[in-house]
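The values are calculated or read from the model by the stated rules, or taken from the named source; none is laboratory data. These figures come from a predicted structure and were not determined experimentally. Cβ coordinates were reconstructed from backbone atoms using ideal geometry, including for glycine residues, and neighbour counts include every protein chain displayed.
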Amino acid sequence: MLARTRGRRPPQVPRPGSHPRRANITGRIPRSRCYEDPPVTRNDSITSLMTVDPQTVDVGQKLSEARRLMAEGRFHHVPVVDGRTLVGILSATDMMRLSIAAYGANEQTVDAMLDAQFSIQQVMTTGVFTVHEEETVRHAADRLRGGAFHSLPVVDDDGNLVGIVTSTDLIEYLYKLL
């Protein structure tokens, strides 16, 4: 026979799948906490995320050398420098815009065509959005979230390239926070 408690209901066990620390006595998560965003507690420096000393091409190099660097390194963005100063960025999209669909041509033929017709300076994107090395990851994410571009060169006070941050870097950073 079940014992009865006078005026009190026995506490209920939280329902499966609910978090025990968030569950109230009825096993439901309070509505005020259901849709809360996790608190943003980290404002890490961009230097914790960036690729330091990324592969670069000099503005005077051959375009075929940049193409090979991107293909062998398996990356989509190469900062273009004059000395250490950032002057532009060359992306896989910039290379595709050349529309060199040399069907059946070998790499040497394609490289010869590239070098004869174009220079890095003609193909690169100038006026590149950058972030300063003292900026935060949040600032870089804000710059990239529009989707118009997928990398941000990181520069120092003199405009010298010190690193690069890509949208892939931000996704990896977010994954580590989860």
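See the values below:
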item: Residue in the range 94-109 that is polar (S, T, N, Q), on the phi > 0 side of the Ramachandran plot and modelled with pLDDT under 85 present; result: yes
item: Output for the range 132-174, where each listed residue is more than 11 Å from the chain's Cα centre (by Cα) and basic (Lys, Arg); result: Arg138
item: Positions within the range 59-79 being without any contact (Cβ under 8 Å) to a residue 60 or more places away in the chain and over 19 Å from the mean Cα position of the chain (by Cα), in sequence order; result: Gln61, Lys62, Ser64, Glu65, Ala66, Arg67, Arg68, Leu69, Ala71, Glu72
item: Any hit, the range 72-85, residues being aliphatic (A, V, I, L, M) and either over 30 Å from His132 (Cα atoms) or modelled with pLDDT under 90 (or both); result: no
item: Those helices (runs of 4 or more DSSP H) lying entirely in the range 82-178 with at least 1 residues among the aromatic types (Phe, Trp, Tyr); result: 167-177
item: Selection count where residues are of a type in the set (A, V, I, L, M, F, W, C), under 14 Å from Leu49 (Cα atoms) and buried (at least 16 other Cβ atoms within 10 Å of the Cβ), scope the range 156-178; result: 4
